[in-house]
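Enquirer: Once you've had a glance at the structure underneath, I'll fire off some questions.
Taken together, the values in this text are just the output of simple stated rules run on the coordinates, not laboratory data. Predicted, not measured: the structure shown is a model, and the values here were computed from it.
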Ligand SMILES: [Zn+2]
């Protein structure tokens, strides 16, 4: 992957609430600090990978509860239950300040890397909650991609196999989420053909980060090493 242009993004990197909108987040610390506020550990992973692989990283630390940079404009979940009721002028303001700059920066990098290298591999870094609706998730790491796109299927499968071997962790493909529904990666797939754009989402179980046990410590390095050889 390294030989082509590599781009990292982190759509759910933090749980910051901009001053202008703090009034809507009073007494919501618990929600903001949960997986609903941000992807715990994802920014750490993305920053580590960016410095080890020496590739650009586009990230935001504004909470997804304000606006979700990993959703298209038409999606109901673009705004959360906290911001959904805001008036149109406020929503427009949020989009202009916190959504479009992020999406445009990522798009700019994709275009630049395709121009320079002919194609780009985009790795979107996320994390997921270990338990959802009382059910425990069965994997430590998820590699998400669109199996209909050969330029994603091959490196996605390869990355899963290598990571599984290198870490001894449970690494699944297109679990706990499927790789093709709406998101930043899916938006780029609509813009660029398979041979120009490869989009893969890396999903880590937040338990690895919360425990700060053996699994997380060397994980960024192990992921970087596997990416280099895919
Ligand atoms: Zn996420």
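Enquirer: Quick one: length gained pulling residue 212 to residue 61 fully straight, 0.36 nm per residue minus the C-alpha distance?
Expert: Computed gain between residue 212 and residue 61 is 52.2 nm.
Enquirer: Convert 4 °C to kelvin, take the viscosity as 1.567 mPa s, use the Kirkwood radius over C-alpha pairs of region 191-230 as Rh, and evaluate the Stokes-Einstein diffusion coefficient in µm²/s, rounded to a whole number.
Expert: 106 µm²/s
Enquirer: Still on this structure, please answer the following. For the chain, what does the relative contact order come out to in percent, with C-alpha contacts under 8 Å and a separation of six or more?
Expert: Numbers: 411 pairs, mean separation 60.6, N = 230.
Computed value for the chain: 26 percent relative contact order.
Enquirer: What number in nm² do you get for region 105-185 if you take the convex hull of its Cα atoms and divide its surface by four? Could the numbers behind the result be given before it?
Expert: Values: hull surface 26.2 nm².
It is 6.5 nm².
Enquirer: Project the alpha carbons of region 26-79 onto their principal axes and report the range along each, largest first, in whole Å.
Expert: Largest to smallest, the principal-axis extents are 37, 28, 14 Å.
Enquirer: Once the piece of chain linking residue 116 and residue 221 is laid out straight, how much longer is it, given 0.36 nm per residue of separation minus the C-alpha distance between them?
Expert: This chain segment gains 35.1 nm when fully extended.
Enquirer: Could you give me the percent of Cα pairs per 5 Å distance bin for region 5-229, shortest bin first, beginning at zero and ending with the bin that holds the maximum distance?
Expert: Over region 5-229, the share of Cα pairs per 5 Å bin runs 1, 7, 14, 19, 20, 16, 12, 7, 3, 1, 0 percent.
Enquirer: Using only the alpha-carbon atoms, how far is helix 42-53 inclined from the longest principal axis of the chain? Give it as 0 to 90 degrees, nearest 10.
Expert: 40 degrees
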